[in-house]
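See below for the structure under consideration.
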Amino acid sequence: AVDQRLGFGRVAGFNYFPGWHQPFTAAHLVVDPQRWRELSPMRRATIETACTAGVTRNLARAEALQGPVLQELRGEGIEVRTLPDPILRELARITGEILEEQSRADPTFARVLAAQQDFSRSYDGWKTVGYLPRDF
């Protein structure tokens, strides 16, 4: 849907999926920790609830929009294609190399990456059994 709003169809005749550059969408509210601690527990809970509701709504809305948008893109003559597994695997390999390089250069990056990789490994158990295969 974002590609359509940005008019990519006017300059690109192909739209490849999945979007390797953005495996998920993140939204953040950044608050100074001292100011956060100064808020009452009720105000903090209200802000957390509002943020959760907004993210949930936006993720659900974005998912619901994609099917009709793909149909419209195809109707405009844009070819919608899926990146082949060998290309996805090569992208994963190269990304791994770059992440390692960045980790060696930046300890904070390395710490955050390690936490994300730990989560990913723990999630893999569910991911491999909880969803239908891509070609189902």
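The values are calculated or read from the model by the stated rules, or taken from the named source; none is laboratory data. Remember, predicted model here, so these are calculated numbers, not experimental data. In this analysis, Cβ positions are derived from the backbone assuming ideal geometry, glycine residues included, and neighbour counts consider all displayed protein chains. For accessibility, only protein heavy atoms count, side chains too; no ligands or nucleic acids. Shrake-Rupley method; radii C 1.70, N 1.55, O 1.52, S 1.80 Å.
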Kindly indicate whether any position in the stretch 52-62 is in a helix (DSSP H, G or I), under 24 Å from Val2 (Cα atoms) and in contact with a Gly (Cβ under 9 Å, 6 or more places away or on another chain). no
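Can you find a residue that is of a type in the set (Gly, Ala, Ser), at pLDDT 95 or above and open to solvent by less than 60 Å² (accessible area, probe 1.4 Å) anywhere in the stretch 83-95?
no
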Return only the number of the condition from (1) open to solvent by less than 90 Å² (accessible area, probe 1.4 Å); (2) modelled with pLDDT under 90 that Leu113 does not satisfy. (2)
Do we find a residue being loosely packed, with under 11 Cβ neighbours inside 10 Å and closer than 27 Å to Asp135 by Cβ anywhere in the stretch 47-55? no
Determine whether Gln34 is surrounded by fewer than 12 Cβ atoms within 10 Å (Cβ to Cβ) and under 19 Å from the mean Cα position of the chain (by Cα). no
In the stretch 74-118, which residues are hydrophobic (A, V, I, L, M, F, W, C) and either touching a Phe, Trp or Tyr at 6+ places or on another chain (Cβ under 6 Å) or more than 30 Å from Asp3 (Cα to Cα) (or both)? Leu83, Leu91, Ala105, Ala110, Ala114, Ala115
